[in-house]
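First up is the structure itself, then whatever we jot down about it.
The values are calculated or read from the model by the stated rules, or taken from the named source; none is laboratory data. Nothing here was measured: the structure is a model prediction, and the numbers come from that model. Here Cβ is always computed from backbone atoms with ideal geometry, including for glycine, and neighbour counts include all displayed protein chains.
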Amino acid sequence: MKKRFAIFASGNGSNAENIIRYFRTHDLNGEVTLVVCNKPDARVIERSRRLDVPTQVLSRNDINNSEVILELLERYRVDVIVLAGFLLMIPRFLIQQYHNRIVNIHPSLLPKFGGKGMYGMYVHEAVVAAREHQTGITIHLVNEKYDDGRILFQATVPVNDTDTPAQVAAKVQQLESEHLPRILAATFL
Ligand code: GRF
């Protein structure tokens, strides 16, 4: 039986698309069976529907409602949840139900540039403002605190003095697409 992954995303969805494609094009014992999004106009919805992955838009209230979200995850028999640019806090009951089976990707070298408000471009702006010489990605398990669960993998990339936040973001995205699907497969399959 294949392991069944759900991806939770709020925005662009390049990681979501990349994971879906990787699982389809490699001979793996896993598949993405559901995408959950909290923003009705997010690009990830178009991407996952085009790839024929069942896609569900849920409000913040739905995500915090154990009956709604647990029923959905049960209906799709989800084994692992991947947070790929998902901006809402995961409710405690879900973390308990999926203990050590929820993964987040964060676009910095945690514990640096993590915590509340540190998401998307804010992270890369902070990295440039702090004149860091390197940044990177952190793939970690999710516990009750923001960006705090056990780290599964980190990869680094140099930051040059002249790099803009957008240039740093592009380098980090490159790392994400290179490593996230592979680490998911290595960890759970
Ligand atoms: C990524 O940088 C990821 O690390 C994050 O938010 C961004 C999402 O990008 N936390 P996308 O929606 O997968 O394109």
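Of all residues in segment 36-49, which are touching a helix residue (DSSP H, G or I) at 6+ places or on another chain (Cβ under 9 Å) and in a helix (DSSP H, G or I)? Scanning segment 36-49 gives R43, V44, R47, S48. Filter segment 127-152 down to the residues that are small (G, A, S) and not in a loop (DSSP other than H, G, I, E, B), then identify the one that is farthest from P181 (Cα to Cα). Checking each candidate, the answer is A129. If I ask for residues that are away from the ligand (no atom under 16 Å from the Cβ), at pLDDT 95 or above and touching a strand residue (DSSP E or B) at 6+ places or on another chain (Cβ under 8 Å), which ones from segment 70-101 would you list? The answer is L72, L73, Y76, R77, V78, D79, V80, L94, I95, Y98, R101.
Scanning segment 170-184 for residues that are within 23 Å of L28 (Cβ to Cβ) and basic (K, R) turns up at least one hit. When restricted to residues that are of a type outside the set (G, A, S) and within 12 Å of the ligand (Cβ to nearest atom), segment 1-45 contains 14. Scan segment 25-35 for residues that are under 17 Å from D79 (Cβ atoms) and not in a strand (DSSP E or B) and the total you get is 2.
Here are some residues: H124, H179, H133. Which one is in contact with a helix residue (DSSP H, G or I) (Cβ under 8 Å, 6 or more places away or on another chain) and touching a residue at least 24 places away in the same chain (Cβ under 8 Å)? Criteria check complete, one pass: H124.
Among residues of segment 108-126 being within 12 Å of the ligand (Cβ to nearest atom) and in a helix (DSSP H, G or I), the one that is farthest from R182 (Cα to Cα) is Y122. The set of residues from segment 50-87 being more than 22 Å from K116 (Cβ to Cβ), polar (S, T, N, Q) and not in a loop (DSSP other than H, G, I, E, B) comprises T55, Q56, S66.
The single residue among N143, N104 that is more than 14 Å from the ligand (Cβ to nearest atom) and either crowded, with 20+ Cβ neighbours inside 10 Å or more than 19 Å from T156 (Cα to Cα) (or both) turns out to be N143.
Considering A16, A42, the condition of being surrounded by 14 or more Cβ atoms within 10 Å (Cβ to Cβ), out of contact with any Asp or Glu (no Cβ under 9 Å at 6 or more places or on another chain) and either at pLDDT below 95 or farther than 20 Å from H179 by Cα (or both) is satisfied by A42 alone.
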